[in-house]
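Each remark here refers to the structure printed beneath this line.
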Amino acid sequence: MRAMLREWSSLFRDDIDVTLLVPEWPAVFHTAKYRREAGVNVRVRSRSAARSPAIDVLWFPWNGLSWSARKPKVAVLHDASLFALEIPPDERERELRPFRRAAAESAHIITDSRFSKGELIKYLAVDPAAIDVVPLGVDTAREKDVARPDLPFEFPYLLFVGEFEKRKGIDVLIDALARLPLQLRTTHGLVLAGAARGTAQLQSELPTAILGHVSDSVLSALYRNAAAFVYPSRYEGFGLPVLEAMAHGTPVIASDAGAIPETGGDAARYFRSGDAADLAAALTEVLQSIGLAQQMRDRGLQRAAQMPWSATAKKTFEIIRREPDAGSRPRA
C-alpha cells in the first residue's frame, strides 16, 4: 500500500485524490501516525467519512472488505490460501469474512496472479469478469554497495524471508540442507528473516541466524549479500520476496507452487514443491556454478525491471476509474 500511495502521489497526482479512511475516531489524533506509516502526506479521516459525496470509490488493499459502505468498491484479494489450506475452523471463518463480503457486495476484485484468479473463481463462485489480475511490483533502484549485516558467522549464506509456518516450507528447506554435499554444508550459513510463529526449534545442518522481523534497510542488505535466496513455499498467490530478491541481483531458487513461476518467470531455478531432494539438487547446482549464479542474477534484474510498482499503480488506477460514479478524477 505504501508503494501504491507513493506512486499515485508522484505520478498520478492530477488523476486521483486519495483519502485514507481509518478505524479510529476522531482521526485527527492519529493522522501523524498514519502519514508516517504511509510515507506520504495523505488526507486521513475516520471511516464515517465514507458516506460523504466527496468519496467516489472505496479501495480496500488487503484481502477483502473489512467493513461496509454504500459506495462503489474495489477490493484486493491476494490469494485463496484460506480456502485451500488446512487452517483451524474458527480462524478460517474469521479471516474469510472480508473475502465473502467482497463477493456478496459485488465489489470489483483485484488479485495478484492468474493462478489466484482461478482459485478465487473456484472458491467464491464469482463472475470471472469481476476479477482483474494486477501483478505486484518491486522497487528496482538499489544502492550498489550495501554492507553485510552483522551475523554470527562469516560464511556465504542462503536467505529465507517470510513467516516460519508450514505453508512457507521451512521444513522442506531444513530437510534439503541436510542432503547437501559436505563441502557446501561446511562453507555456507542460513539466514531466516520473518515472524517466527512459534517454531523456535529449527535444527539446521548449517550455521543459522534467526533474525525475526527486520527493517527495510536490513532486509535490503540481506538480499544483496546472500549467495542465494530460497523460497520453498507450498502455496503462493504471488510470492513478492522472489521479486524483491531478483531486484537486488540475488539468484532465486523457488518451488513451483501456485503463482511463484508467474512471478519469477524464467529468472528462477524451480524445484518440485515439497520435494527436499529436488531442492537439494537445485541448491547444489546453483552454489557450485559461478556461471549459472551470474546468469540468474542477470535474468533476475531484468525480470524485476519489467515489474515496477508504477505499473501496478497505473493498472489499479485504471480499474478504480472504471467504477460507476468515479468520474474523470476519482476521489478514493
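Using only the alpha-carbon atoms, how far is helix 309-322 inclined from the longest principal axis of the chain? Give it as 0 to 90 degrees, nearest 10.
So the helix axis and the longest Cα principal axis differ by about 30 degrees.
May I ask you to evaluate 6.51 cos²θ - 1.76 cosθ + 1.60, the Karplus curve with θ = phi - 60°, for each residue of the stretch 117-133 and list the ³J(HN,Hα) values in order in whole Hz, giving x for glycine and proline?
4, x, 5, 5, 4, 5, 8, 9, 6, 9, 5, x, 5, 8, 10, 10, 9
What is the fewest-to-most order of Met4, Met307 by other Cβ atoms lying within 10 Å of their Cβ?
Ordered from fewest to most neighbouring Cβ atoms within 10 Å, Met4, Met307 come out as Met307, Met4.
How far apart, in nm, are two points set 7 Å out from the Cα along the Cα-to-Cβ line at Ala195 and at Trp25?
2.8 nm
Going by average Cβ neighbours within 10 Å, how do the peptides 82-88, 243-249, 41-47 rank, with the highest at the top?
In decreasing order of mean packing, 82-88, 243-249, 41-47 become 243-249, 41-47, 82-88.
Given H placed on each backbone N at 1.01 Å, which residues far from Val138 in sequence or on other chains put an amide H within less than 5 Å of it?
Result for Val138 returns Trp309.
Evaluated at 25 °C with a viscosity of 0.890 mPa s, what Stokes-Einstein diffusion coefficient in µm²/s does the chain have when Rh comes from the Kirkwood expression over alpha-carbon pairs?
115 µm²/s
Tell me the label-point distance for the pair Arg185, His213, using the 7 Å Cα-to-Cβ offset, in nm and rounded to one decimal.
3.5 nm
Taking the Cβ of each residue in Asp90, Asp298, Asp278 as the centre, tally the other Cβ atoms inside 10 Å and list the residues starting with the fewest. Please report the intermediate quantities before stating the final value.
Working: Asp90 8, Asp298 13, Asp278 18.
Listed from fewest to most nearby Cβ atoms, that is Asp90, Asp298, Asp278.
Using Cα pairs under 8 angstrom and six or more residues apart, how large is the relative contact order of the stretch 157-305, in percent? Don't skip to the end; give the middle numbers.
On the way: 295 pairs, mean separation 37.0, N = 149.
Reported relative contact order: 25 percent.
Under a point spin-label approximation (7 Å from Cα along Cα-to-Cβ), what is the Thr140-Arg43 distance to one decimal in nm?
3.4 nm
Among the listed pairs Lys117/Lys168; Lys73/Lys117; Lys73/Lys315; Lys73/Lys166; Lys33/Lys168; Lys117/Lys315, give every one whose C-alpha distance is greater than 26 Å.
Over 26 Å Cα-Cα: Lys73/Lys166; Lys33/Lys168.
Expressed as a whole number of Å, what is the distance separating the alpha-carbon centroids of the stretch 69-84 and the stretch 148-191?
34 Å
Applying the Karplus parametrisation 6.51 cos²θ - 1.76 cosθ + 1.60 with θ = phi - 60° to the phi angles of the stretch 9-22, what ³J(HN,Hα) value in whole Hz is obtained for each residue in order, glycine and proline being reported as x?
6, 9, 9, 10, 4, 8, 10, 8, 10, 9, 10, 8, 9, 10
Suppose R0 equals 22 Å. What FRET efficiency, 1/(1 + (r/R0)^6) with r the Cβ-Cβ distance, do Ile87 and Ser66 give to the nearest 0.05? Walk me through the intermediate numbers first.
On the way: r = 18 Å, r/R0 = 0.84.
For R0 = 22 Å, the calculated efficiency reads 0.75.
How about Lys314: which aspartates and glutamates have a C-alpha closer than 16 Å to its C-alpha, ignoring those fewer than 8 places off in the same chain?
Glu7, Asp14, Asp15, Asp17, Asp112, Asp132, Asp139, Glu323
Considering Cα pairs under 8 angstrom that are at least six residues apart, work out the relative contact order of the chain and quote it in whole percent.
20 percent
Let me know the Rg and Dmax you get for the stretch 199-332 when you use only its Cα atoms, in Å.
When restricted to Cα atoms, the stretch 199-332 yields Rg and Dmax of 18.0, 59 Å.
Stretched out fully, how many nm does the piece from Ala125 to Glu318 gain, at 0.36 nm a residue minus the Cα gap? If you can, show how the numbers build up before the last one.
Working: separation 193, 0.36 × 193 = 69.48 nm, distance 2.45 nm.
Fully extending the segment from Ala125 to Glu318 adds 67.0 nm.
Would you grab the residues whose amide H sits under 5 Å from the one on Val22? Only those 5+ places off in sequence or on another chain, please, with H modelled 1.01 Å from N.
Arg45, Ser46, Arg47
Taken together, the values in this text are just the output of simple stated rules run on the coordinates, not laboratory data. These numbers come from a predicted model, not from an experiment. Ideal geometry is used to build each Cβ from the backbone, glycine not excepted, and the neighbour counts take in all protein chains shown.
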